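K.L.:
Provided herewith is a single structure, encoded as structure tokens, for subsequent inquiry.
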Amino acid sequence: MNMRISMDELINAVCLHMAMRRQVQPTDVQVELCWDEEHGFTAEVWIHGRQQYLVETNLLEAVEQYVYKEYGQRVFRHQITLDVDDEIWADIDTSQ
């Protein structure tokens with residue numbers, strides 16, 4: 001069985017993850033997901049006017065936590081594949 005996390009859910013996952021790490025409200029976090037050939041999947045995050053860049057590993061960690069909290073399923077990084085077409089999404093192989 002597979003699960004797909006939409007771009008909106010990915011943004012929510014990063015917001016919740018960064019809010020927990022920085023001890024702020026999720027509404028204090030702004031996220032822009034990015035993809036390019038040189039850096040792969042990244043995110044620009046702003047919290048109270050301060051900018052931070054996240055790499056793919058950080059995004060995968062946020063997805064792991066989000067899936068556990070929102071869906072009650074424990075998943076690991078090797079089960080998550082980020083992909084992009086018009087939007088960025090995450091496919092999760094829950095059969096492993």
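The values are calculated or read from the model by the stated rules, or taken from the named source; none is laboratory data. Computed from a predicted model, the values in this text were never measured in an experiment. Positions of Cβ are backbone-derived with ideal geometry, glycine not excepted, and every protein chain shown enters the neighbour counts. Accessible surface is based on the protein model in full, side chains and every heavy atom, while ligands, DNA and RNA are left aside. Shrake-Rupley method; radii C 1.70, N 1.55, O 1.52, S 1.80 Å.
K.L.:
For ALA90, are the conditions met, namely being touching a residue at least 40 places away in the same chain (Cβ under 8 Å) and assigned to a helix (DSSP H, G or I)? Before the answer, list the steps.
P.N.:
On the way: touching a residue at least 40 places away in the same chain (Cβ under 8 Å): yes; assigned to a helix (DSSP H, G or I): no.
Considered against the rule, which asks whether it is touching a residue at least 40 places away in the same chain (Cβ under 8 Å) and assigned to a helix (DSSP H, G or I), ALA90 comes out as no.
K.L.:
Find all pairs meeting these conditions: Cβ atoms under 6 angstrom apart; at least six residues apart or on different chains; first residue within segment 59-70 and of a type in the set (Val, Ile, Thr); second residue assigned to a helix (DSSP H, G or I).
P.N.:
Once the first residue is of a type in the set (Val, Ile, Thr) and sits in segment 59-70, its partners that are assigned to a helix (DSSP H, G or I) give VAL63/ALA13.
K.L.:
Could you tell me which of the residues ASP93, ASP86 is open to solvent by 80 Å² or more (accessible area, probe 1.4 Å) and either under 10 Å from the mean Cα position of the chain (by Cα) or over 14 Å from ALA43 (Cβ atoms) (or both)?
P.N.:
On the way: ASP93 fails: open to solvent by 80 Å² or more (accessible area, probe 1.4 Å).
Of ASP93, ASP86, the one residue that is open to solvent by 80 Å² or more (accessible area, probe 1.4 Å) and either under 10 Å from the mean Cα position of the chain (by Cα) or over 14 Å from ALA43 (Cβ atoms) (or both) is ASP86.
K.L.:
For segment 55-78, state whether one or more residues are surrounded by fewer than 17 Cβ atoms within 10 Å (Cβ to Cβ), of a type outside the set (A, V, I, L, M) and touching a Lys or Arg at 6+ places or on another chain (Cβ under 7 Å).
P.N.:
Filtering segment 55-78 down to residues surrounded by fewer than 17 Cβ atoms within 10 Å (Cβ to Cβ) leaves 55-57, 65, 68-74, 76-78.
Add one more test, that the residue is of a type outside the set (A, V, I, L, M), and what stays is 56-57, 65, 68-74, 76-78.
Filter once more, so that each one left must be touching a Lys or Arg at 6+ places or on another chain (Cβ under 7 Å): 68.
So far as segment 55-78 goes, yes, one or more of its residues are surrounded by fewer than 17 Cβ atoms within 10 Å (Cβ to Cβ), of a type outside the set (A, V, I, L, M) and touching a Lys or Arg at 6+ places or on another chain (Cβ under 7 Å).
K.L.:
For residues that are open to solvent by 60 Å² or more (accessible area, probe 1.4 Å) and assigned to a strand (DSSP E or B), scanning just segment 40-54, find the one that is farthest from ASP8 (Cα to Cα). Spell out how you get there, then give the answer.
P.N.:
In the first step, residues of segment 40-54 are kept if they are open to solvent by 60 Å² or more (accessible area, probe 1.4 Å); the result is 46, 48-51, 53.
With assigned to a strand (DSSP E or B) added as a condition, the list becomes 46, 50-51, 53.
Numbers: TRP46: 17, ARG50: 22, GLN51: 20, TYR53: 18 Å.
Once the filter is applied, the top-ranked residue is ARG50.
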